[in-house]
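Here is the structure we will look at.
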Amino acid sequence: MLDLQIRQSLGAFTLDIAFTAEERGVTALFGRSGSGKTSVINAIAGLTRPDEGHIRVGDTVFFDSARHVDVPVEKRRIGYVFQDSRLFPHMTVRSNLEYGLRRVPAAERRIAFGPVVDLLGLGHLLDRRPRGLSGGERQRIAFGRALLAQPRLLLMDEPMASLDAARKAEIMPYIERLRDEMNIPIVMVSHALDEVVRLATTMVLIAEGRVRGSGPVGTVMGRLDLSAVTGAQDAGAVLDLTVETHIPEDGLSVLAFDGGRLTVPQIDRPPGSAVRLHIHARDVIVALQPLAGVSLRNALTATVIELAEAGPSSADVRLAVGGSFLIARITRAAVRELGLMPGREVVALVKGVAFEPHSGGAVSDRHGRVVDV
Amino acid sequence: MLDLQIRQSLGAFTLDIAFTAEERGVTALFGRSGSGKTSVINAIAGLTRPDEGHIRVGDTVFFDSARHVDVPVEKRRIGYVFQDSRLFPHMTVRSNLEYGLRRVPAAERRIAFGPVVDLLGLGHLLDRRPRGLSGGERQRIAFGRALLAQPRLLLMDEPMASLDAARKAEIMPYIERLRDEMNIPIVMVSHALDEVVRLATTMVLIAEGRVRGSGPVGTVMGRLDLSAVTGAQDAGAVLDLTVETHIPEDGLSVLAFDGGRLTVPQIDRPPGSAVRLHIHARDVIVALQPLAGVSLRNALTATVIELAEAGPSSADVRLAVGGSFLIARITRAAVRELGLMPGREVVALVKGVAFEPHSGGAVSDRHGRVVDV
Amino acid sequence: QDVLVLAAASTKNAVEKLATQFKAKTGATVTSSFAASSALAKQIENGAPADIFISADLDWMDYLQQRNLIKTDSRVNLLGNELVVVVPKGSTLKPDLSKGGKLAEQLGDGRLATGDPSNVPVGKYAKAALEKLDQWAAVEPKLARADSVRAALVLVSRGEVPVGIVYRTDAAIDPGVEVAAAFPPDSYPPITYPAALVASSKTAAAASFLDYMKSPDGMAVWKEFGFVPAPKAP
Amino acid sequence: MEILTPMETTALLLSLRVAGVAIALGLPLAVLAAWVLGRYSFPGKTLFDGLVHLPLVLPPVVTGYILLVTMGTKGVVGGWLYQTFGIKLIFTAEGASLAVAVTSFPLMVRAIRLSVEAIDGGLEAAARTLGAGPVDRFFTILLPLMAPGLLSGAIVAFAAAMGEFGAVITFVSNIPGKTQTLPLAIYAATQEPGGDAVAARLAAISFTVALLALMLSEFLANRVRRLIGQV
Amino acid sequence: MEILTPMETTALLLSLRVAGVAIALGLPLAVLAAWVLGRYSFPGKTLFDGLVHLPLVLPPVVTGYILLVTMGTKGVVGGWLYQTFGIKLIFTAEGASLAVAVTSFPLMVRAIRLSVEAIDGGLEAAARTLGAGPVDRFFTILLPLMAPGLLSGAIVAFAAAMGEFGAVITFVSNIPGKTQTLPLAIYAATQEPGGDAVAARLAAISFTVALLALMLSEFLANRVRRLIGQV
Ligand SMILES: Nc1ncnc2c1ncn2[C@@H]1O[C@H](COP(=O)(O)OP(=O)(O)OP(=O)(O)O)[C@@H](O)[C@H]1O
Ligand SMILES: Nc1ncnc2c1ncn2[C@@H]1O[C@H](COP(=O)(O)OP(=O)(O)OP(=O)(O)O)[C@@H](O)[C@H]1O
Ligand code: MOO
Ligand SMILES: [Mg+2]
Ligand SMILES: [Mg+2]
């Protein structure tokens, strides 16, 4: 359990943040520029000192103003990928990467040098110095350096903002492995909803130094009233499913949940595994009856629950599918033509390629809470 | 005309870049981390000196090794939004913003202080100093500072990487205005394809210090073999259309091109205006005949031109629609079931909300070239 | 065992020559260190392993003697010197050293260079002499107080001051100046360079070098550099 | 007991004035030298650097002697100054200022140069893209950012100026009320048997002044650092 | 004509040795003092800073005198050293080293402190998150990054050490071959008839040595800056 409650004045800005999150998993801090995300992780790292409150990870108390506990940064063993990379200018890339590693007893090293270097594509840079490196190169090195310090908790401040899509696609599965296999709790700041949805177990929405909502990603994302905060473009819902079977000849997997089945690009998980899908509202199509002769793979029987304006011409339709929810964003003209209204039975259609698979670690936190402020 | 041809050694890295682009408009440099994008704009700014080549914008020669021309940076009047923000730490935000402005004769000031501050949401920060500002705040100030210097050419290195979606959505129309109304040529680096597609007239793909392809965004994006470079997730095509009519009661606009009509969320342009749409491959659905009773607004008669693997389970289908092209990404199982093959007549379906409108300035550059290296 | 002599800076050339001769005669090596008398006295006070001290005035020798830092029975007044008025070479100025004379007027808006009368020996003598001649009050505001005889001499030989008061020995070695007048011998207390064995000295050769400096051979060397025999105690 | 005799008060005030004038005059030149040395390469740079350091390497008395020879009324420069403008440096407080300015100059340059070299070149590059030429950048970017080094250089030079003895006494000699600065008074006291107590008291005054100057400089440096955003 | 007389060679070599030893001994302490002053706040900081600067404020002769009184064989510290270890500083080259170490100490501290203060605190914060404690950070982050200031401080101190006169002659006197460094030799030369030429030549030698040291330091500084990624 990650348990944080802090109050801190920073100039005219006041941070007043409290949330809890599953210890195993990724907690995403999401919010607009200047909302206080970096300030929160600075406090977790111990780089700034809250005026009052506490910061606990599992049994470890890093900070507790009431009990006068304030573990020094260097004793916390919290890895931090800074928003600016902060590479040591006088060391080679190799020495930068090894800096934390060398300070960890050999017995406790679980993350090895070679694989990290390969993953991040740093092999050809090892003998360079930071000067002259590109923005993305610096950021990858900073990420590797924090990882190799074998952190007990990893903080990442927009770690992938300066990375291209291809590199991001390579790194995300690795972060998943850290989360799932190595059980390293991660707190990350990100502006990219696809990253958050794919990686996060808990989502904390921050606005003006306060928590606007927090809880399991599925719960937070499924609330229509928060989509204004999360950004209109990216509205969508999250489904938790189980792998039922694979269809290797088509490269597809069949996933099941209480609302039906979905066919998606093959997922590298054995049948029975828990899996999460983020379904963008704009990827969901609403039809009045099942369709034939079309490239849409997935048709789910659904009931319209709620309609909300999403823009001058568009509406978000909240659909119940079994016990889960989906959001479809369609034009208001379509709403009118199809005669959609709460209670109406429809078919929700989703393209098979629209999925970004997200596996594991999510089932356990379905009981998370949503906090309104 | 932006005409650039440079060769430059940077340590072990060699830059060998040549491209031309429309002077009016946005040229996007796109490529993986470390491919040389920042190095190119540094050379344009004059901060580094190519070993040979030339850099011209319209009639102005900034650099020409053969003619021994090398205009000093401060005489080029090229605005530069750096990848790291480089705010002056000893000045208030206001003084930072005014730094360039004050160095331009009053008569040449077209971009005024107030509106820029409002647009970027900097009003409450004016008396602060950079220290303690959040990453996004810094970046917005850097952007404002470059703008207010009234640049004749604006360079931007991932200017929106650290901005949240909402802020991005506010700034993008402004960049469009710079491009269209103020006629300030812009060269930008971005990893986000949505930005590129929305803003850019010319796209330059860079890999390992060389140009892999360049030309009008529509042409470059429509090529299947480049989608590997642009990132698999974001494959798609670009259509140039004309506003035909508006349907204000639905908040929709009807656009026409030689392949038919598309209904999209209302566009703030008079009928007859040129408009560009980026249509993501994953937003295009293929059906064998027109469908009824579904929220899909747009159906276009299309012919399958080409099929290409896009992943273990998915395929990209290139479709001819009139004289234009669309790409649809669908599962291979769907390809098989629908019996798709080159020459087959199909219906391409696109959701009305899937569009990110992009207006103006695009028609003129249809004659751009695509360069293969 | 080497003999270490701490000697007032103005005796440098003579002492070095004496040391060379002494070595040729006896084989004993004499090392010398030249600095301001005050510095040397304080070094002895603080445990400097020296054998002989030659002071430029009586005060610092007295200072050591009061503290039992010299062998009192070895103390002698080794040398004397004379106080002269120098002018830059070629200057026609004839300093008026008569009682109540016009030296101050002769200076015009120039200054008179000499040692700082508050602490540099030559300055003290100059002050005494000028007081005796009833000229001190007029001249004092026009002093350029140097920290050593040599520094005063430089001011004269560079022509920065029209007049200086120095020892005859120093005047003799600076080709840029000429002696324009000498103070009447009775106008200032006898200039005396006392010498003594340092209390902690254990070197036998030290006593014999001190003796050598007093010997006629030694006195010949001193004379060569312009020194005169020590005045008889008044 | 009074704390200071009138003579000592005079010496103290004179010292402050001499040191103050020396820093005020030396600082702009030191900044210039530091800028050039810290940011540019040119033939003869090392020689120039060597000349800047010369007063540090030479015994102060020699520096004073060189000043005497060149800046005295019979010297090349001093003679010209005297003939042309009637400016006389020798035996004057201005001359004392010159002497301490010269001996403390290398200290200022070193400190300021370090600051110049520590300034991120990226900021200057940014200023260039915003249209600032070299002189403009110097005043708007470099000078404010080198302020801590400038202060540090000034304070170290001030301290050294308060302590300078050899060059002053050799060049302008020791004239109470005109050129007798504190160090000269201290030195004079140590030359007298039994002068130690006076010397110690004067040294304590020197120390106090230096301490006050340091406190002031720390205070200013903190303000400056806050102003330039380092804290 | 020979360039140097044996006596002059001796003086030159002795100067180099004295200055070298002084810098070598003083540097670690200076780094420590600079680190503490540049990175930490504590009560009495200004007083400590003042004490560090004291040798700069006092006339060198006074510094030498204080050394004589405390470090002479009759002094508190010097007496103890002599009784306990048989170490004698007065009238020895080691004593000369001590004297120039003391007078050049503030110069080193100032330069190094400036460098410490210029180091981006963010890097230390990063090192902390990577598990580096204060001493670890000092050696792995601060020390390498302060290297240019360290070099600058060392060279300025070396130059000052080569030129120090008053403190040396007062503390260890002027003994050819033992404590007669170049500045003392220059002084001695000025005491001789026609010694000016010799003094000038010795001064030129001093200057040359300083120039060589500067060249070396520029060269090293450039290498260091390349090593620490500033160029
Ligand atoms: N001065 C230099 N010395 C050595 N290598 C350099 C230098 N400058 C740039 N490089 C190398 O050139 C390559 C291109 O760098 P550049 O900064 O232009 O990349 P980029 O395309 O902007 O990448 P990013 O998207 O990560 O910012 C990188 O591999 C970088 O390490
Ligand atoms: N030391 C400080 N003094 C004054 N204001 C501060 C300080 N530190 C942070 N702030 C302010 O607190 C707010 C939150 O800053 P923070 O860096 O946490 O934002 P953020 O959510 O990380 O934003 P971004 O996404 O832009 O990086 C900002 O408005 C910032 O200006
Ligand atoms: O040798 Mo002295 O002490 O300058 O008169
Ligand atoms: Mg932040
Ligand atoms: Mg870059």
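The values are calculated or read from the model by the stated rules, or taken from the named source; none is laboratory data. All figures in this text were calculated on a predicted structure; none of them were measured in a lab. Heads up, the Cβs are rebuilt from the backbone with ideal geometry, glycines too, and the neighbour counts pull from every protein chain shown. Accessible surface is based on the protein model in full, side chains and every heavy atom, while ligands, DNA and RNA are left aside. Shrake-Rupley method; radii C 1.70, N 1.55, O 1.52, S 1.80 Å.
Contact list please: Cβ distance under 6 Å, first residue in the stretch B:123-145 and farther than 22 Å from A:Thr48 by Cβ, second residue within 16 Å of ligand 5 (Cβ to nearest atom) and open to solvent by less than 20 Å² (accessible area, probe 1.4 Å), pairs at least six apart or on different chains.
Note: pairs meeting the criteria are B:Ala142/B:Val81; B:Ala142/B:Ser85; B:Phe143/B:Val81; B:Phe143/B:Pro159.
When you scan the stretch C:163-234 for helices (runs of 4 or more DSSP H) that lie fully inside it, which ones turn up with 1 or more residues that are within 30 Å of C:Lys132 (Cβ to Cβ)?
Where helices (runs of 4 or more DSSP H) fall fully within the stretch C:163-234 and carry at least 1 residues being within 30 Å of C:Lys132 (Cβ to Cβ), they are C:168-173, C:216-224.
Kindly check whether there is at least one residue in the stretch E:104-120 that is assigned to a loop (DSSP other than H, G, I, E, B), open to solvent by 10 Å² or more (accessible area, probe 1.4 Å), farther than 20 Å from D:Phe165 by Cβ and touching a Phe, Trp or Tyr at 6+ places or on another chain (Cβ under 6 Å).
no
Quickly run through the stretch A:144-182 and pick out the residues that are assigned to a helix (DSSP H, G or I), open to solvent by less than 10 Å² (accessible area, probe 1.4 Å) and within 14 Å of chain B (Cβ to nearest Cβ).
Passing the criteria: A:Gly144, A:Ile171.
What pairs can you find where one residue is in the stretch C:172-197 and open to solvent by 60 Å² or more (accessible area, probe 1.4 Å), the other is part of a strand (DSSP E or B), and their Cβ atoms are less than 6 Å apart, with a gap of 6+ or different chains?
Every condition considered, the pairs that remain are C:Val179/C:Val84; C:Val179/C:Val86.
Test of understanding: among C:Ala7, C:Ala19, C:Ala48, C:Ala41, which residue is within 7 Å of another protein chain (Cβ to nearest Cβ), open to solvent by less than 20 Å² (accessible area, probe 1.4 Å) and more than 16 Å from ligand 2 (Cβ to nearest atom)?
C:Ala48
From the residues in the stretch E:144-155 that are over 19 Å from D:Leu51 (Cβ atoms) and more than 11 Å from the chain's Cα centre (by Cα), which one is surrounded by the fewest Cβ atoms within 10 Å (Cβ to Cβ)?
Within the stretch E:144-155, the match that is surrounded by the fewest Cβ atoms within 10 Å (Cβ to Cβ) is E:Pro144.
Residues of the stretch E:73-101 being part of a helix (DSSP H, G or I) and open to solvent by 60 Å² or more (accessible area, probe 1.4 Å), which ones?
Passing the criteria: E:Val76, E:Val77, E:Trp80, E:Tyr82, E:Gln83, E:Thr84, E:Phe85, E:Glu94.
Restricting to the stretch E:178-231, name every residue that is under 21 Å from D:Gly166 (Cα atoms), over 22 Å from the mean Cα position of the chain (by Cα) and part of a helix (DSSP H, G or I).
If the condition is that a residue be under 21 Å from D:Gly166 (Cα atoms), over 22 Å from the mean Cα position of the chain (by Cα) and part of a helix (DSSP H, G or I), then E:Ala188, E:Ala189, E:Thr190, E:Gly195, E:Asp196, E:Ala197, E:Val198, E:Ala199, E:Ala200, E:Arg201 are the ones that fit.
Do we find a residue being basic (Lys, Arg), free of Cβ contacts under 8 Å to residues at least 60 places away in the same chain and within 13 Å of chain C (Cβ to nearest Cβ) anywhere in the stretch E:82-91?
yes
Filter the stretch A:41-96 down to residues that are within 16 Å of ligand 2 (Cβ to nearest atom) and of a type in the set (Asp, Glu) and give me whichever is nearest to the other protein chains (Cβ to nearest Cβ).
If we take residues in the stretch A:41-96 being within 16 Å of ligand 2 (Cβ to nearest atom) and of a type in the set (Asp, Glu), then A:Asp84 is nearest to the other protein chains (Cβ to nearest Cβ).
Show the residue pairs that are 6+ apart or on different chains and have beta-carbon atoms under 7 Å apart, the first residue being within the stretch E:117-128 and under 15 Å from A:Gln83 (Cβ atoms), the second being open to solvent by 40 Å² or more (accessible area, probe 1.4 Å) and part of a loop (DSSP other than H, G, I, E, B).
E:Gly122/A:Arg86; E:Leu123/A:Arg86; E:Ala125/A:Leu47; E:Ala126/A:Arg86
Using beta carbons and a limit of 6 Å, which pairs, at least six apart or on different chains, have the first residue in the stretch A:257-269 and in contact (Cβ under 8 Å) with a residue 40 or more places away in the chain and the second one in a loop (DSSP other than H, G, I, E, B) and buried (at least 19 other Cβ atoms within 10 Å of the Cβ)?
Pairs that qualify, where the first residue is in contact (Cβ under 8 Å) with a residue 40 or more places away in the chain and the partner is in a loop (DSSP other than H, G, I, E, B) and buried (at least 19 other Cβ atoms within 10 Å of the Cβ), are A:Thr263/A:Arg297; A:Val264/A:Phe355; A:Pro265/B:Ser313.
From the list D:Phe158, D:Phe165, D:Phe138, exactly one residue is open to solvent by 10 Å² or more (accessible area, probe 1.4 Å) and under 12 Å from the mean Cα position of the chain (by Cα). Which is it?
D:Phe158
Please tell me if B:Val197 is away from ligand 5 (no atom under 16 Å from the Cβ), touching a residue at least 40 places away in the same chain (Cβ under 8 Å) and not in a strand (DSSP E or B).
yes
What number of residues within the stretch B:9-29 satisfy the criterion of being within 18 Å of B:Gly213 (Cβ to Cβ), open to solvent by 10 Å² or more (accessible area, probe 1.4 Å) and not in a loop (DSSP other than H, G, I, E, B)?
Number satisfying all stated conditions: 3.
For the stretch A:271-307, what are the residues that are farther than 26 Å from B:Val286 by Cα and open to solvent by less than 30 Å² (accessible area, probe 1.4 Å)?
Listed by number, the residues that qualify are A:Ser273, A:Ala274, A:Val275, A:Arg276.
For the stretch D:21-35, what are the residues that are touching a residue at least 12 places away in the same chain (Cβ under 8 Å) and either closer than 18 Å to D:Pro148 by Cα or touching a Lys or Arg at 6+ places or on another chain (Cβ under 6 Å) (or both)?
D:Ile23, D:Gly26, D:Leu27, D:Leu29, D:Ala30, D:Val31, D:Ala33, D:Ala34, D:Trp35
Filter the helices (runs of 4 or more DSSP H) completely within the stretch B:33-141 down to those with at least 2 residues that are more than 16 Å from ligand 4 (Cβ to nearest atom) and within 24 Å of A:Gln83 (Cβ to Cβ).
In the stretch B:33-141, the matching helices (runs of 4 or more DSSP H) lie at B:37-45, B:93-101, B:113-120.
Tell me which residues, restricted to the stretch D:1-60, are among the aliphatic types (A, V, I, L, M), under 28 Å from D:Thr170 (Cα atoms) and not in a helix (DSSP H, G or I).
Result: D:Leu4, D:Leu58.
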